[in-house]
Amino acid sequence: MTLGEIAGRTSATLTGDAGLAISGIASAANAKAAEIAFLDGDGKTPPTLSPHLKAVFANPAMKAFVPEGVAVLETPFPRHAHSVVASALFRPRHLTGYGAEPISSLAQIHPDAVVQPGAVIGPGAAIGEGAVIGPAAVIGAGVQIGCNTTIGANASIHCALVGDHVTVLAGARIGETGFGVLVGPSGAEDAPHFGRVIIQDHVTLGANSCVDRGVFEDTIIGERTKIDNLCQIAHNVILGRGVIVAAFGGISGSVRVGDGSMLGGRVGIADHVQVGERVSLAASAGLFRDVDSGETWGGTPAKPIRQWMREVAWLQKQANPKKSG
Amino acid sequence: MTLGEIAGRTSATLTGDAGLAISGIASAANAKAAEIAFLDGDGKTPPTLSPHLKAVFANPAMKAFVPEGVAVLETPFPRHAHSVVASALFRPRHLTGYGAEPISSLAQIHPDAVVQPGAVIGPGAAIGEGAVIGPAAVIGAGVQIGCNTTIGANASIHCALVGDHVTVLAGARIGETGFGVLVGPSGAEDAPHFGRVIIQDHVTLGANSCVDRGVFEDTIIGERTKIDNLCQIAHNVILGRGVIVAAFGGISGSVRVGDGSMLGGRVGIADHVQVGERVSLAASAGLFRDVDSGETWGGTPAKPIRQWMREVAWLQKQANPKKSG
Amino acid sequence: MTLGEIAGRTSATLTGDAGLAISGIASAANAKAAEIAFLDGDGKTPPTLSPHLKAVFANPAMKAFVPEGVAVLETPFPRHAHSVVASALFRPRHLTGYGAEPISSLAQIHPDAVVQPGAVIGPGAAIGEGAVIGPAAVIGAGVQIGCNTTIGANASIHCALVGDHVTVLAGARIGETGFGVLVGPSGAEDAPHFGRVIIQDHVTLGANSCVDRGVFEDTIIGERTKIDNLCQIAHNVILGRGVIVAAFGGISGSVRVGDGSMLGGRVGIADHVQVGERVSLAASAGLFRDVDSGETWGGTPAKPIRQWMREVAWLQKQANPKKSG
């Protein structure tokens, strides 16, 4: 697809080489040559740009940040225009990839794997030795399930590579489209997702928990990470090895959590936050800032645990003079 | 059914015309003639009453609020008695409406709709052009699914009208009975539900999220409203157009949220609260009061965001004198 | 299995009678003769020990707490060694107990029960008179479902006894393995679970809620207890009769809640906490301490509601001097 064709499809105004060929989509920070990116914002914060960037959608406010020599497609809806190109170049085979049979004849299922009644397995899926696919579970087209991995009843997995000795409990959702709202000419639209979910070996994912697929890159759950029931792991999150996430844990988009960190029940982490290794977050913490390795934080908004406890105790003492006097 | 028959079935004491015919049930605020309502409470707060109210169950404490000319059925368990009448008049066909075949021959499925393996579709359901029903998804009797709407794997929909271009992700639950506990002679009972769920066009509902059916009226999700994973939308809620609800959002019964409002992750709203248009609620907020259009609130209990941030900063400064001195 | 064989399999160092026969596993507090237990910890807190204890795994720090006459198997990974013995003695038939047919011919289904299309029922399951098993629901091997009980669409039940007149809404997960991480020679592992879930009569469990099976003992939900959508009830929890748990309620492992207590939306209770009867916990409360019968608590960390409200009001007044002056 040329930039000229892209400008036509998206009603964007092109400044640059109309003949430049585009074969992929990416974020502005990671774009390679032949990949188109987008810049959306209020023009106050300079974006991170890949040195290989050759073409970018931008709204009027962000246009000034585009370096010389990079083609610009100006539009009031850069993210929407980007998704139009993405959908033209790629066809996500999430739910439309199934055939007529519950267990596709185009799936590769190891003879020592067990597929329970009611399970659905799409074409191109591969199920490893000793794996168990639970009753009424759904394994999407092209999904890889490793050896000795167990998928619980009514769980569903799409757009994912799942390692060995993984346990996915009943009702868990892996690989659904993440939550991204973009503004198009008609109002709010869902941002299309093209990434996968990578679940490394020995991971456990609790009942009714969700791990969304990445937008352009992948969502990754590191080896021996253990996630409780009813947790939400958003798009592009990277959890390290041996991370513990207790029930109702909510990890927003693009968060990174280092090896061996422990999240108590109902901990929330805001998007793009970076958490180091061996960090502890107390139950109910709401974290909005980066935390260095080895620290323990609590409270909402979260802060170092001693500081939080000091504030809790001080407030209690001040507000209840008789009891604590 | 006459009031006399109703009094007999519910062991209530009737004051009024025993021959009055009742053909429906409603809340006291919305009852039309021929609909019976109930009044339950401690007698301290006057109820809102429909001008068309003709007959009502009431406990001794609430009896005094019944206007002259309205028949009263006195009972210690008015809500329970009301549900007994409701169940006699209406037969909710939630789970018992299926036939023997997975895809009912009494369902209307457009030839250009796709029904994936393992899906179950009840009698009287209608599936529009271009719709995709995912593997092992369940579409209940009489449910309407619009054009180009996608229902994810293992999702279930009952008692609902779903518009066009709607996306329901895997494991979402639409139209289950809401959470209402009433006290009957034997203890706690579930309040029966007779309303539906209305999902307007271009709505997205995240994985494993729930939208309960209304008690008497309907639960309504407005056009282009986008709801993330693991959210709970309770009975009788009305969300406007273009509302954004991030993960773990919890919206209690009968709440109204105006057009374009945005709820951060893990926001909770207490029942009957009214939220205006273009309101922002910060992540983790717990809202117990009405909020006017255009405001931004945060904290638990939630308050205007500047006030909340001032309190957080002030407490931190006071309790940690050295660091901030 | 003798202690000598057990020492060999687990690479533990035995001090005691190598010929002693072991036929079961238990916690140290509840072990009967012929059951092996484990002691794991830093050696600072003395463990509770059953008077019938005859053999126990212990790490070097805990060894000193083992009474004379009790055989000790010393290992750096006592809980892991214990799980190795457990898995050798018992074969949990969670997901591998299904046959080839969706409705097992070895299940006992009352002729007046209704099984909807797509449901899967394992061998040895029993479904009572008037029960309804919803579409694509999964009933595991050996599960008992009482009379007039309704199981919603896509729900799954394993390792459980479910009473009469119980309502399980769509997507609920009963009897999944609880969240317990133990440290083995290769890193984090899931603790095996051998207990069941007992759901007493007239209980309601909301859509997409989870009740985990017990580790050694059972998880128990008392009569007429009502649980809303998206709640998490962890392993070994015991809820009394008529307990109310609103949406997003999170009850951690081994918590006990007395009869008639009410938990508002998004209440969390930390593990092992004991809550009395008729206790009220305000919405959003995070409870880390025991609460006596009849009290009302709120806030995070939760405290008596008057104290919490006093602190909220005092902080607001101090930090916003003009408005409240």
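The values are calculated or read from the model by the stated rules, or taken from the named source; none is laboratory data. In this text, all values refer to a predicted model and were calculated from it rather than measured experimentally. Don't worry about glycine lacking a Cβ; one is built from the backbone with ideal geometry, like all the others, and counts go over all protein chains shown. Note: areas computed on protein heavy atoms with side chains; ligands, DNA, RNA excluded. Shrake-Rupley method; radii C 1.70, N 1.55, O 1.52, S 1.80 Å.
Placing +1 on the Cβ of every Lys and Arg and -1 on the Cβ of every Asp and Glu, with no other charges, gives region B:159-307 a dipole of roughly 420 debye about its Cα centre.
Modelled spin-label separation between A:Glu129 and C:Asp42, with each label point placed 7 Å from Cα along the Cα-to-Cβ direction: 4.4 nm. Only one residue of A:Ala153, A:Phe90, A:Ala246 has its Cα farthest out toward the positive end of the dipole of chain A, where Lys and Arg carry +1 and Asp and Glu -1 on Cβ, and that residue is A:Ala246. Converting the Cα gyration tensor eigenvalues of region C:110-210 into ellipsoid dimensions via √(5λ) gives semi-axes, longest first, of 28, 13, 13 Å.
For region A:243-325, the list of GluC sites (Glu not before Pro) that fall in a loop by DSSP and count at most 16 other C-beta atoms within 10 angstrom reads A:Glu277, A:Glu295. The modelled label-to-label distance for the pair A:Gln108/B:Ala34, using points 7 Å beyond Cα in the direction of Cβ, is 6.7 nm.
Note on chain C: GNM, Cα springs under 10 Å; of C:His52, C:His272, C:His202, the largest mean-square fluctuation is that of C:His52.
Ordered shortest first, which distances in nm separate the 7 Å Cα→C-beta label point of B:Gln318 from those of the other copies? Taking the point 7 Å beyond Cα along Cα→Cβ, the inter-copy spacings are 0.2, 0.2 nm.
Using the Cα atoms as the points, what is the convex hull volume per residue of region B:42-111 in Å³? Write down the numbers at each step before the final one.
On the way: hull volume 12.1 nm³, N = 70.
Enclosed volume per residue, from the Cα hull, is 173 Å³.
Amide H to amide H distances under 5 Å link C:Gly286 with C:Gly268, C:Gly299, C:Thr300, C:Ala302, where only residues 5 or more positions off or on other chains count and H is placed in the peptide plane. Inter-copy label distances for B:Ala21: 7.8, 7.8 nm (label point placed 7 Å from Cα along Cα→Cβ; shortest first). Percent of Cα pairs in region A:25-164 per distance bin of 10 Å, from zero to the largest separation: 12, 31, 14, 19, 18, 5. Here, region B:159-307 has an Rg and a Dmax of 14.9, 49 Å when only alpha carbons are counted.
Summing +1 for each Lys or Arg and -1 for each Asp or Glu among the other residues whose beta-carbon sits under 11 angstrom from that of B:His193 gives -3.
For chain C, a Gaussian network of Cα nodes joined below 10 Å ranks C:Leu239, C:Leu106, C:Leu263 by mean-square fluctuation, and the top entry is C:Leu106.
Per residue of B:308-319, other chain Cβ atoms within 10 Å of the residue Cβ number 5 on average. Reported to the nearest whole Å, the Cα centre-to-centre distance from region A:285-306 to region A:136-153 is 36.
Springs between Cα atoms under 10 Å define the GNM used for chain B, and in it the highest mean-square fluctuation of B:Glu101, B:Glu223, B:Glu35 occurs at B:Glu101.
Summary value for region C:3-89: 29 percent relative contact order, contacts being C-alpha pairs under 8 angstrom separated by 6+ residues. Placing +1 on each Lys and Arg Cβ and -1 on each Asp and Glu Cβ, with no other charges, gives chain A a dipole about its Cα centre of roughly 1140 debye. What's the average, rounded to a whole number, of partner chain beta-carbon atoms within 10 Å of each residue's beta-carbon in B:130-142? What the average comes to for B:130-142 is 5.
With the alpha-carbon atoms of chain B aligned to their principal axes, the span from lowest to highest coordinate is 76, 59, 33 Å, starting with the largest. Projecting the Cα positions of B:Gly163, B:Val203, B:Ala58 onto the charge dipole of the protein assembly as shown (unit charges on Cβ atoms of Lys, Arg, Asp and Glu, taken about the Cα centre) puts B:Ala58 furthest along the positive direction.
Electrostatic bookkeeping for A:Ser284 treats Lys and Arg as +1 and Asp and Glu as -1; over the other residues with beta carbon under 11 Å from its beta carbon, the sum is +3.
What's the average, rounded to a whole number, of partner chain beta-carbon atoms within 10 Å of each residue's beta-carbon in B:264-274? Working shown, then result.
Values: counts 4, 11, 10, 0, 8, 2, 4, 3, 0, 0, 0.
Mean partner-chain Cβ count within 10 Å for B:264-274: 4.
Dividing the summed -39500 (n - 2.57) terms of all DSSP H runs of n ≥ 4 by the residue count of chain B sets its mean residue ellipticity at 222 nm at -3500 deg cm²/dmol.
Hey, got the dipole for region B:133-231? About the Cα centre, +1 on K and R Cβ, -1 on D and E Cβ, debye to the nearest 20? Intermediate results must be reported in sequence, preceding the final value.
On the way: 5 positive and 10 negative charges, 40 e Å.
Computed charge dipole of region B:133-231: roughly 200 debye.
The Cβ shell under 10 Å around A:Asn229 holds other residues with a net charge of -2, Lys and Arg each +1, Asp and Glu each -1.
Here the Debye sum runs over all C-alpha atoms of the protein assembly as shown as equal scatterers in vacuum, and log10 of I(q)/I(0) at q = 0.09 Å⁻¹ comes out as -1.02. For region B:1-68, the pair-distance distribution built from all alpha carbon pairs, in bins 5 Å wide starting at 0, is 4, 19, 28, 27, 17, 5, 0 percent.
Once A and C are treated as a pair rather than alone, how much accessible area drops out, both sides summed, in Å² to 100, probe 1.4 Å? Present the calculation step by step, with values, prior to reporting the outcome.
Values: alone 15710 and 15710 Å², together 28150 Å².
It comes to approximately 3300 Å² buried between A and C.
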